[in-house]
1. State which residue is farthest from S5 (Cα to Cα) when the search covers only the range 56-83 and only residues that are free of Cβ contacts under 8 Å to residues at least 24 places away in the same chain and within 17 Å of the chain's Cα centre (by Cα).
2. For the range 4-42, what are the residues that are among the charged types (D, E, K, R), in a loop (DSSP other than H, G, I, E, B) and touching a strand residue (DSSP E or B) at 6+ places or on another chain (Cβ under 7 Å)?
3. Mind checking which residues of the range 43-95 are part of a strand (DSSP E or B) and among the acidic types (D, E)?
4. Could you check Q147 against (1) surrounded by fewer than 20 Cβ atoms within 10 Å (Cβ to Cβ); (2) touching an Asp or Glu at 6+ places or on another chain (Cβ under 8 Å); (3) farther than 25 Å from D29 by Cβ and say which number it fails?
5. So for the range 82-92 (the condition being open to solvent by less than 60 Å² (accessible area, probe 1.4 Å), aromatic (F, W, Y) and closer than 28 Å to E121 by Cβ), does at least one residue qualify?
6. Residue check, E142 against (1) within 22 Å of D21 (Cβ to Cβ); (2) open to solvent by less than 40 Å² (accessible area, probe 1.4 Å), all met but one. Which one?
7. P46 passes all but one of (1) open to solvent by 40 Å² or more (accessible area, probe 1.4 Å); (2) touching a residue at least 12 places away in the same chain (Cβ under 8 Å); which number fails?
8. Of all residues being assigned to a strand (DSSP E or B) and of a type outside the set (A, V, I, L, M, F, W, C) in the range 100-145, which is farthest from the chain's Cα centre (by Cα)? Just the residue, please.
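The values are calculated or read from the model by the stated rules, or taken from the named source; none is laboratory data. These numbers were taken from a predicted model, which means no experiment stands behind them. So basically every Cβ, Gly included, is an ideal-geometry build from the backbone, and we count neighbours across all protein chains shown. All accessible areas refer to the heavy atoms of the entire protein, side chains included, with ligands and DNA or RNA removed. Shrake-Rupley method; radii C 1.70, N 1.55, O 1.52, S 1.80 Å.
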Amino acid sequence: MPEYSDIYVISDKRDEKTVEDFLNCFLPDREESADEYEIPQFSESPDVVYSKALELVKYCSANQRAEYAAYWRAVNQGKPEHAMVFYLKDGHVIYGLSTDAGDEAFANGLLAELKAFLGAEFGYIGHEASPDAADLPEFMREMENHQRCNVGG
């Protein structure tokens, strides 16, 4: 199994169409990585359980403070290999892609494409790590930490 570069871009675009367009653009041949989506996420006694990711996307689009992480994987050995969205408590969304870490040029290209697609300014490439951010300021700190690590070593 390859190691992955994780590409993350933050955006204030938190609507169904943007998420669907993101998935169709970057991971057109995909399957959901979960069988169900409980609200709140990881709850022992959820308020509601969705069976499809698009139901979750609709919920998170309507509930701007809802926090949730959803994942998809490519089928047919497509690249990038994974896509994800992280809904944050401040209304932002982190859009993510994972691809083989061995192809650094491809990962850098995905970062540029994803920023352009979302009209976003802020993003970074991590290594085998989900973003540890609940809002925009935390994402900015995370981005700065990754940039420092990449420059320093």
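1. Step one: of the range 56-83, the residues free of Cβ contacts under 8 Å to residues at least 24 places away in the same chain are 56, 59, 62-63, 77.
From what is left, the residues that are within 17 Å of the chain's Cα centre (by Cα) are 56, 59.
On the way: L56: 26, Y59: 29 Å.
Going through the qualifying residues, I end up with Y59.
2. Of the residues in the range 4-42, the ones among the charged types (D, E, K, R) are 6, 12-17, 20-21, 29-32, 35-36, 38.
Remaining after also requiring in a loop (DSSP other than H, G, I, E, B): 12-15, 29, 35-36.
K13, R14, D29, E36, listed by residue number.
3. Step one: filter the range 43-95 for residues part of a strand (DSSP E or B), giving 48-50, 68-74, 82-87, 93-95.
Of everything in the range 43-95, nothing turns out to be part of a strand (DSSP E or B) and among the acidic types (D, E).
4. Answer for Q147: the failing condition is (2).
5. Step one: filter the range 82-92 for residues open to solvent by less than 60 Å² (accessible area, probe 1.4 Å), giving 82-88, 90-92.
Add one more test, that the residue is aromatic (F, W, Y), and what stays is 86-87.
When the remaining residues are screened for being closer than 28 Å to E121 by Cβ, the result is 86-87.
Within the range 82-92, one or more residues are open to solvent by less than 60 Å² (accessible area, probe 1.4 Å), aromatic (F, W, Y) and closer than 28 Å to E121 by Cβ.
6. E142 satisfies all of (1) within 22 Å of D21 (Cβ to Cβ); (2) open to solvent by less than 40 Å² (accessible area, probe 1.4 Å) except (1).
7. Answer for P46: the failing condition is (2).
8. Filtering the range 100-145 for residues assigned to a strand (DSSP E or B) gives 100, 123-127.
Filter again for of a type outside the set (A, V, I, L, M, F, W, C), leaving 100, 123-124, 126-127.
Details: D100: 16, G123: 11, Y124: 12, G126: 12, H127: 14 Å.
Among residues in the range 100-145 that are assigned to a strand (DSSP E or B) and of a type outside the set (A, V, I, L, M, F, W, C), the one farthest from the chain's Cα centre (by Cα) is D100.
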